Amino acid sequence: MHILIAGYGVKISEFAEMLKPSTGKIYVVSEQDMSSIAGAKNITVIKVPPHEFTFAKNRVNLNPSRDVIIVTDFKEERLHKTVKSLSQMFPPERIIVVTNTESEDVLKKFPDVIVGTHYSIYRNQFKRFFKSVEVRSKLTKLRDLVTNKEKVLIIICGNPDPDALGSAFGLSFLIKGFAKKTEIAYTGEFTRHQNLAMVQLLEIPVIKYSDSMASGDTFVIVVDSQPDFFDKSINIKFNACIDHHPKKKRFNLDFEDIGRRYGATSTMITEYFVFSNADIPDNIGGGLFYGIKTDTSNLTKNTYENDIRMYQVLRRVANLEHINVIELSEMPFDSLEVMKTAITNLYRKGEILFSYLGEIQNPHFCVYIADYLVRVADISCVVVCALSTDKLTCIFRSDGMKKNVGMMCNKLFSKYGLAGGHKTMARAEIPVSMLHKLSITSDEISSWLKDMIFPRRKS
């Protein structure tokens, strides 16, 4: 890409120097002294008034579909003359106008050009500097805390999902060599075939948690969840927490990075890599990429600017063939029989679909079915529930337009068990012991759930 920079002011030579390493030729059109850059490689200085410049007369050839013009001037009247002249010779949508202060006149007179200020350029750059300082400081603090520890345990609460696996895998690499030993463990079960495929293909060293793993001087870091998310029967002293979910209570931890504008914890771990200038191995990049991909539903739900930026970084690193194989490992064959039950038991009211599957061995089949049913036209919310040996599981999904299922799930079921999630996906787990306390038999569960989800209006 070639660039033509036209106008007046000290910023012209600065722009030319700044852009020189990343572009082809640079043409500088100005009457003022440009001796500081004249003769520099790939920079051509054309000493004419910018508004009198023409491509033919000054023998400059720019490609209107590829190249760019930048105009800057501290005098607005002169700036207007230059922009008007150049926009008659070159597509205005490929002209960038940089002014000293925000100018509505430029926008009104030249609505098709791109307008910015010197202030905004520096502000955005300093925002990145400040972000870099913040993230590097966090990583440095965490590394200092784990240095020379006999063991660091990175723990995943419940059933490991791609975001938890990806962020734990990435974090283990970042602290490798600081602690003497690092392990990744999960407290639940692998219930989705995709997650098992992810672990196998990317070679993620994750094992089932046992009480002995967190004993002694072990430094425990929880990722993609928070200390109060864990079952009370699991007695762990947590030292650190990295999580993108909103923070609901205060924790007494040595380190925490919780609850900011992120759609995935994998985004936060990727920033640790990016802002510390650490290389990302392709298998770790794949785990982080898939973590962001799944938690944001391909950047369509619960997604922030940070997620998009890090997703773009990881897309260049990850092995996309591995990601494709993982995604195609979605539904086990025996889930088809459960799908048949779900469709038979469907109940619809307005834009909400509900299905109770009865008692099944693998409650995670509710996730496959809810993910499938939320695609049905004219449905904004889906709730799929099933009873297993020790708990009643309810999976919520929504299109994100009308229902915040995280709030809905929490409101309906938090007093009976674990309940909560995001705007578009949520989960509730109610212990069977609680159902016994409520005197709800297995035959009455479906009716009880219907009454909870579709309350009758008081007359």
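Mean separation of Cα pairs under 8 Å and 6 or more residues apart, divided by the residue count, gives region 190-263 a relative contact order of 22 percent.
By the Cβ rule of 4.7 Å, the chain holds the following cysteines without a possible disulfide partner: C157, C241, C366, C381, C409. Extent of region 416-459 along its three principal axes (Cα atoms, max minus min coordinate, largest first): 33, 30, 15 Å. Nearest 500 deg cm²/dmol is fine: what mean residue ellipticity at 222 nm does the chain get from its DSSP H runs of n ≥ 4 alone, each adding -39,500 (n - 2.57), divided by its residue count? One gets -11000 deg cm²/dmol as the mean residue ellipticity at 222 nm.
One quarter of the convex hull surface built on the alpha carbon atoms of region 3-112 amounts to 6.4 nm², the projected area averaged over directions. Of the GluC sites (Glu not before Pro) found in region 174-245, the ones in coil according to DSSP and having at most 16 other Cβ atoms within 10 Å of their Cβ are E189, E203. In the distance distribution for region 335-453, Cα-Cα pairs more than 21 Å apart total 29 percent.
From a point 7 Å beyond the Cα of A278 in the direction of its Cβ, which residues of region 126-156 have a backbone N at a distance under 16 Å? Zone members listed by number: 132-149, 152-155.
Within the chain, the whole DSSP H helices whose Cα atoms reach 27 Å or more along their own axis and whose mean Kyte-Doolittle score is at least -1.0 are 118-146. Rg/Rh for the chain (Cα atoms only, Rh after Kirkwood) is 1.10. Residues F90, F333, F129 in ascending order of nearby Cβ atoms (within 10 Å, fewest first): F333, F129, F90. 3J(HN,Hα) along region 45-56, derived from phi through the Karplus expression 6.51 cos²θ - 1.76 cosθ + 1.60 where θ = phi - 60°, amounts to 9, 10, 8, 9, x, x, 6, 9, 5, 9, 5, 5 Hz, with x in place of Gly and Pro. Name the shape class, rounded, prolate or oblate, that the alpha-carbon gyration tensor gives for region 121-162, where a ≥ b ≥ c are the square roots of its eigenvalues, rounded holds for a/c under 1.5, and otherwise prolate holds if a/b is larger than b/c and oblate otherwise. Oblate shape, in that a/c is at least 1.5 and b/c is the bigger or equal ratio. Computed on region 372-437, the Cα convex hull volume stands at 74 Å³ per residue. Quick one: Debye curve from the C-alpha atoms of region 197-310, no solvent, what's log10 I(q)/I(0) at q = 0.12, 0.13, 0.14 Å⁻¹? Per q value, in the given order, log10 I(q)/I(0) is -0.50, -0.58, -0.68. Can you classify region 72-208 as rounded, prolate or oblate using the Cα gyration tensor, where a ≥ b ≥ c are the square roots of its eigenvalues, rounded means a/c under 1.5, and otherwise it's prolate if a/b beats b/c and oblate if not? It comes out prolate by the Cα gyration axes.
In terms of its alpha-carbon gyration tensor, region 280-381 comes out oblate; a/c meets the 1.5 threshold, while b/c is at least as large as a/b.
Read the figures in this text as sums done on the coordinates, not as results from a lab. Computed from a prediction, not measured in an experiment: that's the story for all the values here. Here the Cβ is made from the backbone with ideal geometry for all residues, glycine too, and neighbour counts use every protein chain on show.
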